[in-house]
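A short reminder: the numbers here are calculations on the coordinates, not readings from a lab. These numbers come from a predicted model, not from an experiment. Heads up, the Cβs are rebuilt from the backbone with ideal geometry, glycines too, and the neighbour counts pull from every protein chain shown.
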C-alpha cells in the first residue's frame with residue numbers, strides 16, 4: 001500500500017463519499033470497505049452520504065443537500081469534495097447543477113457513473129411495465145424495512161436508460177469553477193467476479209467493455225482520468241471499485257489495491273490546494 005505519510009490526504013475541504021444504488025451506509029457493513037479508514041489515517045475528513053438505496057436521483061440529491069449543509073456547519077468548512085460511485089454520481093451532479101449547491105462544492109469525482117445511461121437497461125425497460133412495477137413492489141417494500149424513505153425501483157430503473165441520461169445531461173451541465181474528474185473500471189472477463197459474471201457477459205455483448213454494471217464509455221465524463229484495470233487476468237469489477245472484498249486484488253503474482261487509487265485521488269486534491 002502506497003502513501004504512508006499521515007497528512008498526504010489532509011485536504012483543505014472535507015470529503016463526502018456517495019454510494020450507489022441498492023445499498024445504504026451501514027456502519028458495520030460499509031459500502032466503502034477500508035476506504036474511509038485509510039483516507040482518515042492519512043489526514044482526510046471523511047463523511048458518508050446516507051441517502052436511500054433505491055430512491056430517484058431527485059430524492060437522493062435532496063437528501064444529500066441536507067447532508068452537505070450539516071457537514072459544513074459541523075466542520076466550519078466553506079466547501080466540500082464529492083466522491084461518488086455509480087448512480088451516486090448522478091445524485092452528486094444533480095445536487096451541484098440543479099439544487100444550488102455549486103458554491104459549496106470544490107470537486108466532483110465520479111467513479112463508474114452511468115453518465116451516458118445503459119443500452120442494456122433500455123432493453124430491460126421495454127419489458128411490460130406491470131412486470132417492472134411488480135418487481136418494484138417487493139424491492140420497495142424491503143428497502144423501506146431497512147431504512148429507505150422514498151424507494152422507487154421503477155423510476156430509478158428508468159433513470160439508467162440512455163434517453164433519460166441524454167436529457168439529464170442536457171439539464172445538468174458541469175458548473176464552472178468546480179473540478180470534475182471521472183474514472184471507469186473494466187473486468188477482463190466474466191470469470192473475474194462471481195457476483196457480476198452474467199451482467200458483465202450480457203452488457204459486454206450489448207454495449208462493450210464494462211465493470212459488470214457500467215460501461216467504460218458511459219463512465220467517461222469531464223476530466224476523465226483512467227480505466228481501472230487492476231492486474232492482468234483479473235480486471236476491476238463494479239464491486240471492486242468500492243473495496244467490497246476488503247483486500248487487494250491478486251492474479252498471476254501481481255497485486256493491485258483500490259485503496260491506492262483513492263489515496264492518489266485525494267492526495268492530488270491536496271496538491272491542488274483543495
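Remarks
- Calculated P(r) of the range 136-259 - Cα pairs past 18 Å, %: 64 percent
- Residue order for 87, 270, fewest other beta carbons within 10 angstrom first, comes to 270, 87.
- Expressed to the nearest 5 percent, the antiparallel share of DSSP beta bridges inside the range 15-271 is 20 percent.
- Sum of -39500 (n - 2.57) over DSSP H runs of 4+, divided by residues of the chain (222 nm, nearest 500): -11500 deg cm²/dmol
- Spatial offset of the range 59-90 relative to the range 103-145 amounts to 20 Å, using the alpha carbon center of each.
- On the beta carbon distance between residue 58 and residue 122, with R0 = 30 Å, the FRET formula returns roughly 0.90.
- Three-way shape label, the range 155-197, alpha-carbon gyration tensor, a/c 1.5: oblate
- Remark: the residue 194-residue 129 segment gains 20.4 nm on full extension, using 0.36 nm per residue and subtracting the alpha carbon distance.
- Peptides 211-219, 75-83, 108-116, 18-26 ordered by average Cβ neighbours within 10 Å, highest first: 108-116, 211-219, 18-26, 75-83
- Kirkwood Rh in Å, taken over all unlike Cα pairs in the range 15-271: 18.5 Å
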